[in-house]
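Read through the structure below, which is laid out as structure tokens, and then see the notes.
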Amino acid sequence: MSVSAQRVGQALLAPAAVAIVGASDDPSKTTARPLRFLREAGFAGRVYPINPRRETVLGEQAWPSIAALPETPDHVFIVADTRFVVDAVRDCGIAGVPVVTILSGGFGEGGAEEKARAAELRAVAREHGVRLVGPNSIGVVNSRNGLMLTANAAFAEEAPVGTSLVASQSGSVIGALMTRAKARGLGFAGFVSTGSELDLTLGEICELTLTDPQIQSYTLFLESLENAGDLARFAAGAAAHGKPTTVYKLGRSDAAAALSMTHTGSLAGEDAEAEAFFRACGFARVDNFEALIEAEALQRRVGPPSSPARSRVGVITTTGGGAAIVVDQLETRGVSIARPSAAVFEQLAVAGLDVADNLIIDLTLAGTRHDLVRAALQVMADSGEFDLILFVIGSSARLNPELAVSAIAESAAGTVPIAAWPLPDAIGSLTLLHEAGVPAFRTAEACADAVAAVLRRQPSERHVLEVRHEVPSHEQVVALDELSSGVLLREVGASFPATTTCGLDGVPLDPPVWPVAVKALSGKLLHKSDAGGVVLGVRDQAGLAEAVSRIAANTTAYDPELGISHFLVQNMAEGVVAEALVGYRVSPSVGPLIMIAAGGTLTELYGDSSLRLAPVSVATARQMISEVTGLRVAEGFRGGPVGDLDALAEFVSKVSQLAASPEIVEAEVNPVAVLEKGRGVVALDAVVRRAVEA
């Protein structure tokens, strides 16, 4: 039995009838809030309080059960004690209720008993075709029709209407966003607290609302990316519908990276994975909570992301000090200010503005004249030098909004988007600008964070988001030795030096070309240098025998259980300009990832890497290389040789194609020797971890 997505979406935010199971008659109790909020908000649908122990609830007729109702509700909110939830969902299923939101907790957050209860709840919902929001959901709100099906105390007051839907994995956050936005004169289209996501995930819920014409954007608050696949599908749909998404995610800690066995895992921590995922989704990720409220207006005004990104920011101000504050905030977030050309200053002079040639356009006292402010904005827009104009407004924003503020508002529909930040606290001016369609910010930090997030966006990579897989739980993961890893990586186009092997006798299987590198060969030893398992520059047979003996002694001292008896004999690379690390891994949350970093033994010291969802094109790989400071040495640093970074980009792209092989869990090539331009790159060491049947 299943319920159509259209019906679920309608029942979620636009139900004709709702019921509240466990509604209390005591106004001081949390479980009394939903009925009270619905009535105070003027919800036009039918509302049925369910309480078998009372004839009335808050002065309204109470019903003993779902079965006793005169009609089947579209949406039921269960606020009853945990022990009654499963039976209540079963009753809803029997009655044909399509959506149930559950406030109660105790479903899988604790021990075995809670996990068993969660399994039973899921089974009952699936048996009867009921879609669940929660458990641990504080409710669902539609500001447009008065649906206040929530126990969040913040919704005791009126929720202003806007165009962005809030979906949050934290229940308290929906109230915080509503009240903070309200203080700014802003509103939202609705709010969904997703709770434990036992059934409907945040991504699925947002996807259900994509066809709602009154929802123009999405505001997401995330605690985890446990259901990233659904979020990726929503991201592709949101991009197709032209509806931007702003996201704030908790947890920038990389503690989980310590569990990884390779450099790739330790560098590509949890937050780096989230960053790569949001980039592929085309989301604007903010770090400032106020920016989460204010950035969506900037996203809608700037329009969808493009490649290459439009990132030329011009700053105009009536207060040099205020402009310096926001410029400083932008620069620390990697946003460079576009300096106006001499031609711009010439045109300003023609317009009657005597402005000093500088990084920013400082109008000073001319900013008190409405006509001159409009003229300056027109000159900037007509110049073709800016993709975004940021106006920092001085004291007139608070005392005389009819001057600069009204001029900015009148210029809102120009060809170049304008955003604004008033230096003084000026709520009236912020409201005026917002109503005119000018994204405006209350703090410099929120302004800079939002601008940086919007300019960093990339077009949604649907083809990448569709490549989501993880290691099946019934399989185990084994590490291949370097020789076997090289064989596998050659299949995707990786290049390695000529290689042979030898045993403890030091006699190579094939004659090597001296000099060579000699390495311990074992899938149990991933970091050979740490164990003294590598000898470089071996020039003859006697040196080979000595190297084998030394490696055997070193690795035995390092770990007597290793039992190294085979060795890799590999030609040495010459003319190396730089060393890179290229890593691939399948994240349990976001799926296949590709990373590049400065390579060799100093990888952790640099701590400098770039990460994307895999697979990537050569063009994307080239962009990744440009983001790694440690690889700039290959750009002819201080007159040095230029490395073959184009070949490195091709190599990165080839390794990223491992995303088509679900059995490959992790692969790392370190170092990749970048030779002089035109000579290519060579993989000097590699390890692959592969899933096999247990």
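The values are calculated or read from the model by the stated rules, or taken from the named source; none is laboratory data. A quick note: this is a predicted structure, and the numbers were derived from the prediction, not measured. Reconstructed Cβ throughout: ideal geometry from the backbone, glycine too, with neighbour counts over all protein chains shown.
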Condition first: touching a residue at least 60 places away in the same chain (Cβ under 8 Å) and more than 20 Å from V688 (Cβ to Cβ). Now tell me which residues in the stretch 507-529 satisfy that. P508
Within the stretch 510-553, residues being exposed (fewer than 14 other Cβ atoms within 10 Å of the Cβ), of a type in the set (D, E, K, R) and not in a loop (DSSP other than H, G, I, E, B) number 1
Just wondering, is there one or more residues in the stretch 434-447 that are over 29 Å from the mean Cα position of the chain (by Cα) and assigned by TED's automatic domain parsing to the domain that holds P304? yes
Collect the residues in the stretch 344-370 that are out of contact with any helix residue (DSSP H, G or I) (no Cβ under 7 Å at 6 or more places or on another chain), modelled with pLDDT of 95 or more and not in a loop (DSSP other than H, G, I, E, B), keeping them in residue-number order. F345, E346, A349, V350
From the list E120, E127, E158, which one is touching a residue at least 40 places away in the same chain (Cβ under 8 Å), assigned by TED's automatic domain parsing to the domain that holds P34, under 22 Å from A67 (Cβ atoms) and outside any strand (DSSP E or B)? E127
Output the qualifying pairs, or none if there are none: Cβ atoms under 9 angstrom, residues six or more apart or on different chains, first residue in the stretch 68-92 and under 25 Å from E114 (Cβ atoms), second residue assigned to a helix (DSSP H, G or I) and hydroxyl-bearing (S, T, Y). V79/T30; V79/T31; A80/T31
The condition of being modelled with pLDDT under 95, under 25 Å from A309 (Cβ atoms) and not in a loop (DSSP other than H, G, I, E, B) holds, among R632, R690, only for R632
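Report yes if A404 is surrounded by 23 or more Cβ atoms within 10 Å (Cβ to Cβ) and at pLDDT below 95, otherwise no. Write out each step before concluding.
Numbers: surrounded by 23 or more Cβ atoms within 10 Å (Cβ to Cβ): yes; at pLDDT below 95: yes.
Yes: the conditions hold for A404.
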Cβ-Cβ under 9 Å, sequence separation 6+ or interchain: first residue in the stretch 341-353 and within 14 Å of L372 (Cβ to Cβ) and free of Cβ contacts under 8 Å to residues at least 12 places away in the same chain, partner in a helix (DSSP H, G or I) and basic (K, R). Which pairs? none
Are any of the residues in the stretch 99-112 polar (S, T, N, Q), over 21 Å from L13 (Cβ atoms) and in a helix (DSSP H, G or I)? no
Based on this model, can you work out whether S341 counts as more than 20 Å from T443 (Cα to Cα), of a type in the set (G, A, S), surrounded by fewer than 23 Cβ atoms within 10 Å (Cβ to Cβ) and touching a Ser or Thr at 6+ places or on another chain (Cβ under 8 Å)? yes
Select, from A324, A397, A376, the only residue that is part of a helix (DSSP H, G or I), free of Cβ contacts under 8 Å to residues at least 12 places away in the same chain and either in contact with a strand residue (DSSP E or B) (Cβ under 8 Å, 6 or more places away or on another chain) or surrounded by fewer than 19 Cβ atoms within 10 Å (Cβ to Cβ) (or both). A324
Of the residues A452, A448, A479, which single one is out of contact with any Gly (no Cβ under 7 Å at 6 or more places or on another chain) and among the small types (G, A, S)? A448
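I'd like the full set of residues that are of a type in the set (S, T, N, Q) and in contact (Cβ under 8 Å) with a residue 40 or more places away in the chain, limited to the stretch 422-467.
T431, T443, Q458, S460
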Tell me, please, whether a residue that is closer than 22 Å to V681 by Cβ and surrounded by fewer than 12 Cβ atoms within 10 Å (Cβ to Cβ) can be found in the stretch 470-490. no
Qualifying position, being on the phi > 0 side of the Ramachandran plot and without any contact (Cβ under 8 Å) to a residue 40 or more places away in the chain, among G680, G639: G639
